[in-house]
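Here's the structure we're looking at; comments come further down.
The values are calculated or read from the model by the stated rules, or taken from the named source; none is laboratory data. Just so it is clear, the model here is predicted, and its values are computed rather than measured. So basically every Cβ, Gly included, is an ideal-geometry build from the backbone, and we count neighbours across all protein chains shown.
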Amino acid sequence: MNNKGFLHLKSLNWLCITYCPSLESLPEKEDVPNSLSRLRIYDCGIIKEKYEKEGGECWHTISHIPNVRIDRIWQEK
């Protein structure tokens with residue numbers, strides 16, 4: 001995933017990533033448009049481990065997104 005590709009999407013407010021078992025990371029906070037308000041991630045094992053609120057080493061990079069759901073579990077602030 002080319003994280004610079006998200007910056008020009010100024011109106012992006014909803015992103016769903018499904019079944020990407022090889023996906024290892026998401027763009028850093030500064031590489032995601034401020035308009036993103038909902039993020040859904042399903043069946044992406046590596047991402048789930050890294051980005052879960054509880055114990056995920058990369059949670060801080062998506063914690064600014066108001067509505068995050070990973071594999072049907074709400075990741076509340």
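Residue count for region 33-51 under the criterion of being at pLDDT below 90 and either surrounded by fewer than 15 Cβ atoms within 10 Å (Cβ to Cβ) or closer than 22 Å to residue 73 by Cα (or both): the result is 1. Does region 52-67 contain any residue that is among the hydroxyl-bearing types (Ser, Thr, Tyr) and loosely packed, with under 12 Cβ neighbours inside 10 Å? Within region 52-67, none of the residues are among the hydroxyl-bearing types (Ser, Thr, Tyr) and loosely packed, with under 12 Cβ neighbours inside 10 Å.
So that you can scan it fast, the table gives a plain yes or no per residue for (1) in contact with a strand residue (DSSP E or B) (Cβ under 8 Å, 6 or more places away or on another chain); (2) without any contact (Cβ under 8 Å) to a residue 24 or more places away in the chain:
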site: 7; (1), (2): no, no
site: 18; (1), (2): yes, no
site: 22; (1), (2): no, no
site: 34; (1), (2): no, yes
site: 54; (1), (2): no, yes
site: 64; (1), (2): no, no
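Filtered by the rule that a residue be outside any helix (DSSP H, G or I) and of a type in the set (Gly, Ala, Ser), region 33-71 gives 35, 37, 55, 56, 63. Evaluating residue 22 against the criteria (1) farther than 15 Å from residue 70 by Cβ; (2) surrounded by 15 or more Cβ atoms within 10 Å (Cβ to Cβ) leaves one unmet condition, (2). If you go through region 10-32 and keep only what is assigned to a loop (DSSP other than H, G, I, E, B), under 13 Å from the mean Cα position of the chain (by Cα) and among the hydroxyl-bearing types (Ser, Thr, Tyr), you end up with just 25.
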